[in-house]
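The structure under discussion appears below in the form of structure tokens.
The values are calculated or read from the model by the stated rules, or taken from the named source; none is laboratory data. The structure presented is a predicted model; accordingly, all values stated were derived computationally and were not measured. All Cβ positions, even for glycine, are placed from backbone atoms using ideal geometry, and neighbour counts span all protein chains on display. These accessible areas exclude ligands, DNA and RNA; they are computed on the full protein's heavy atoms, side chains included. Shrake-Rupley method; radii C 1.70, N 1.55, O 1.52, S 1.80 Å.
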Amino acid sequence: MAGLVVLVADLFVGDGKKAVLGWISVAGLAAAALALLPLLDDDRSTFCLTGGGTHACSYTADRFTLVIQLLVLGGALLAALLSMSTLKDSRGDLPAGEYWFLLLSSAAGAALLPASRDLATLIVALEVASLPAFALVGLRHGDKRSSEAALKFFLSSVTATAVSLMGVSFVYAATGTLHLTEIATKLQEVDGQLDTLARTGVALTLVGFAFKVAAVPFHFWVPDTYVGAPLPVAAYLSVVGKAVGFTGLILVTVVAFPSYADVWGPALAVLAALTMTAGNVAALRQQSTRAYSAVRLLAWSSVGQAGYLLVPIAAAGYADNEAAAEKAVGSTVAYALMYAAVNLGAFAVAALVGRTQRLNRVSDYRGLYARNPLAALVLAFFLLCLAGLPPGIIGLFAKVTVFSAAVDAGLGWLAVVTAVNVVIALYYYLQWTALLFRAPEGEPVAHRAPAPLTAAIALTAVLGIALSGAPQLVLRFADTGLF
Amino acid sequence: MIGISESVMQFLLALIVVGPLIGAVAALLPAPPGLKGKSPDQAVLRHGVIVTGAVLLAALVLALGFDHDHPSKMQATTDISWIPALDVRIHLGIDGISLPLLVLTALLTFLCALYSYFKMPKGPSPKAFVALILVLESGTLATFAVLDLLLFFLAFEMVLIPMYFLIARWGGEQRTQAAWKFILYTLLGSVVMLLGLLLIGLKSGTFDMVALATDNGRGLSTSVQVIAVLAIGIGLAVKTPMWPLHSWLPDAHTAAPTVGSVLLAGVLLKMGTYGFVRILLPIAPDGMREFAPYLAAFAVVGIIYGSLACLALAKRGAKGDLKRLIAYSSVGHMGFVLLGIATMSPTGVNGALFANIAHGLITGLLFFLVGALKDRTGTTDLDSLAQESGAALYGEAPRLGGLLAFGAVASLGLPGLAGFWGEMLALFGAFKPADGLSRPAFLTFMAIAAFGTLLTAAYMLIVVRRVCMGPMPQPAAEPAPPVLADVHGYELAAWTPLVALTVLAGLWPAALLGLTDPAVQKLLTGGKS
């Protein structure tokens, strides 16, 4: 992670050529991702407690960490590619130096989070990832919607963090430690008086992370924030922001609180069902002619997808042994990887269309095939992946792993709710897809896409298609333990 | 019949499944120099004919190379690990049950491509049309060739998107609604089916259909089987379609272009019944036994309901649509297929499979004919076609009229034609259902279903009476009515194989039953061959 730190420092100094900054950031993110490679072969830990016969560390780089870090850095990389053309188009509305600094520091926080193994580091990382994001959302000068979105995002997020901090302190009071593995062992022998305290602590800690993943009832900030933020930031939040929340949730539930699975298992299952239903129904109600409806639709659909992502974590709460729980968590990771590639791709095409159609309505996508056949085909592929229908094979199998986690855990009702939601979601995804191939209204205008945007779209498309051919690449996480 | 080495057979089967997909991608690319043809549209339609023709050829060679002495054995098998994490294997193979369906699919798709080459339905560019037809073909062929539960689900889902676009883009009136109804219904069904498939796979530890069928449900507790049969059965029943889950079918058929209707009726519906035979009967027999009487009851209601709906549509002044009528008759015919399956006896299941193929041939032909009628007269509305006294197709276009009458009597189950044997065997099966099933109940079902054949005969004859017969219009009448063109050469080419096979299957049912019977015996009893 040193590369990131250096880069952030670099940015303070080099504020001259704005375009160069973008490329430096992309290179830095790519270098950081490459730096993950040598870590692949074995688990490393640092900042460990020594003595006392216990072994608990604050920073661990195991397979789970690396996979999530890869996701975070890749997501940030793609968001950076998208940002380049956005920054160029904004002509000074967005201050470039600050923008890159904030994006990178947020990515650094997000990359720290999956490696942290104690509650304090976890919360710090969460805040490092979130605080720059608030600023990013509100960065656009003189834009009322942007600052309103930032304020909404900030206030709800801070409340959630405060609640979650309170939960952490309860847990600390009950167990006397902050290290996740230690908590796991000590929670089993909490004495009767402190039991209620520990239970409340567990529940409250989860709230903060539930906010990050935009689970019901903490989902209201999503559409407004996504619409108010610059598009690449929305894409970043929808993927990296979500990844952060899920990682935190997984670490807290599966690693730290396994003995309280009877508390968080059912709670998460209900949360998952509510989240996906709320997200999908809201997406269904979007009118295609409303301003910014494309981004709104993606925002609500991302809430729905968050619901699917929660299903395996809830299933982990019902697992009878550790291996089954890890497998269920692996399903979430696999689904998140698929979702990251595909959703960023959809946002990239939305950014492309947004260059000519300022309002970015869904109805603006009518006849995209006639204007730009490749972009239309790629967007259709992404949307069908999100819907989980062939030719989006990877989307289909990612859904299959989610279903199989639910069925395996005996959560039949949740599986049925998910099934109904898949059908609801298909309606709006396919409606959008069908629109792409309609005859266009008016004369098609030839439009050249900027290189970074094209690169981002191509990268996600290649990823999506490669994964469809060899789903094993991501699905293997659903099979083997990650910790 | 002829000896072909196993590896060639494997290659052929893989080609049959993957070939159309490659063809679909190629259809979207610009034509290479030398193959440009007269116009880009013509080139791409010709491409469709060539690809489907090649697939049909491969399927025929496969059928020739198939070891007819051991039809119960899986042949031309390929078994490669694809996604170890989910235990998904690319496991392909054919036996006496899947081979006829495979050939039927390849044949019907080829005939559709041929028909569209000359008569492209109105709508956007043929490029996408050909690509979609090819993806559809690949999906259906894969459904009949795969032996892995999750792969089966993938193939099952693969047909949804192409069919949706075929109806929504090239269809007739009300196509958008009909397309939505089609895809939402079938997707809901198939997602529920996925839950059942996962339940079976997770509880038994394998998704391999052959291993599960060999086990014959011994590895699964009865309660698991009951839940799995309920979930999978709902998914398959929507596709089949079984009354009361059929309501998407008439709309989809009415709105779909001719080629879409032919494929929908001839091939897509078969995926549902094939699933019953291939998955539910051998893998979860205990669960199936619980639900068999209900399935049979629904099937019989479907037979009567379909016939009554057709009778109502065929009545004078009912503004009945011919396509809708044939769609409802499909509900009735699929009722016979489901009744045969529900008996769980070899006779009944053989009858079901036979009726399956027969329905594909006959209904495919009928939809082609009605489509041709629509092209000529611009309507499929029975009232405006027949007016007061009948459309007099015999007089105006004798060959077309003759074919329509042939299709109708074949559909009502005239002995000597394909429709007869399937229905008769299904009824025979109901006369003596498998052990453990209530015989009196099935005898009642049999009696009602037999009454249904009577109703079928009634409405089919009414249709023939109203469309084919009637007085010739007077040549002197003013304004002179437009002359109906008789059967064109390409139409004859597309329909002759269907007519010939209908007669052949009717006169020589042993050819087909010899293939299916050993395979059915094995599926019902389990064990290795």
Among helices (runs of 4 or more DSSP H) lying entirely in region B:163-267, which contain 1 or more residues that are surrounded by fewer than 24 Cβ atoms within 10 Å (Cβ to Cβ) and facing chain A (nearest Cβ under 10 Å)? B:175-204, B:222-239
How about region A:76-191: which helices (runs of 4 or more DSSP H) wholly inside it have at least 2 residues that are among the aromatic types (Phe, Trp, Tyr)? A:96-112, A:144-175
Residues to consider are A:Gly410, A:Gly392, A:Gly367; find the one that is in contact (Cβ under 8 Å) with a residue 24 or more places away in the chain, open to solvent by less than 10 Å² (accessible area, probe 1.4 Å), under 26 Å from B:Thr206 (Cα atoms) and more than 8 Å from every other protein chain (Cβ to nearest Cβ). A:Gly392
Do we have any residue at all in region B:46-59 that's among the charged types (D, E, K, R), under 26 Å from B:Ala372 (Cβ atoms) and surrounded by fewer than 23 Cβ atoms within 10 Å (Cβ to Cβ)? yes
Does B:Val146 count as closer than 25 Å to A:Ser404 by Cα, surrounded by 24 or more Cβ atoms within 10 Å (Cβ to Cβ) and either within 12 Å of chain A (Cβ to nearest Cβ) or without any contact (Cβ under 8 Å) to a residue 40 or more places away in the chain (or both)? no
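Every residue, every condition in (1) within 11 Å of chain B (Cβ to nearest Cβ); (2) free of Cβ contacts under 8 Å to residues at least 12 places away in the same chain; (3) open to solvent by less than 10 Å² (accessible area, probe 1.4 Å), yes or no:
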position: A:Ser331; (1), (2), (3): yes, no, yes
position: A:Ala336; (1), (2), (3): no, no, no
position: A:Val342; (1), (2), (3): no, no, yes
position: A:Ala351; (1), (2), (3): no, no, no
position: A:Gln357; (1), (2), (3): no, yes, no
position: A:Arg361; (1), (2), (3): no, no, no
position: A:Leu377; (1), (2), (3): yes, yes, no
position: A:Ala398; (1), (2), (3): yes, no, yes
Identify all residues within region B:130-142 that are within 12 Å of another protein chain (Cβ to nearest Cβ) and either over 15 Å from the mean Cα position of the chain (by Cα) or hydroxyl-bearing (Ser, Thr, Tyr) (or both); write none if there are none. B:Ala131, B:Leu132, B:Val135, B:Ser138
Are any residues in region B:176-191 within 19 Å of the chain's Cα centre (by Cα), among the aromatic types (Phe, Trp, Tyr) and over 25 Å from B:Ala228 (Cβ atoms), and if so, which ones? B:Phe182
Residue, farthest from the other protein chains (Cβ to nearest Cβ), within region A:380-389, restricted to residues that are of a type in the set (A, V, I, L, M, F, W, C) and free of Cβ contacts under 8 Å to residues at least 60 places away in the same chain: A:Leu383
In the set B:Lys127, B:Lys122, which member is within 14 Å of chain A (Cβ to nearest Cβ), surrounded by fewer than 22 Cβ atoms within 10 Å (Cβ to Cβ) and either more than 20 Å from B:Val159 (Cβ to Cβ) or within 20 Å of the chain's Cα centre (by Cα) (or both)? B:Lys122
Quick one: which residue in B:Lys270, B:Lys239 is farther than 19 Å from B:Leu194 by Cβ, touching a residue at least 24 places away in the same chain (Cβ under 8 Å) and of a type in the set (Lys, Arg)? B:Lys270
Determine if region B:91-98 includes at least one residue that is part of a helix (DSSP H, G or I), open to solvent by less than 20 Å² (accessible area, probe 1.4 Å) and within 30 Å of B:Ile200 (Cα to Cα). yes
In the set A:Val255, A:Val244, A:Val239, A:Val227, which member is open to solvent by 10 Å² or more (accessible area, probe 1.4 Å), touching a residue at least 24 places away in the same chain (Cβ under 8 Å), assigned to a helix (DSSP H, G or I) and under 24 Å from A:Val67 (Cβ atoms)? A:Val255
Checking A:Pro373 against (1) within 14 Å of chain B (Cβ to nearest Cβ); (2) surrounded by fewer than 23 Cβ atoms within 10 Å (Cβ to Cβ); (3) in contact with a Ser or Thr (Cβ under 9 Å, 6 or more places away or on another chain), the condition it does not meet: (3)
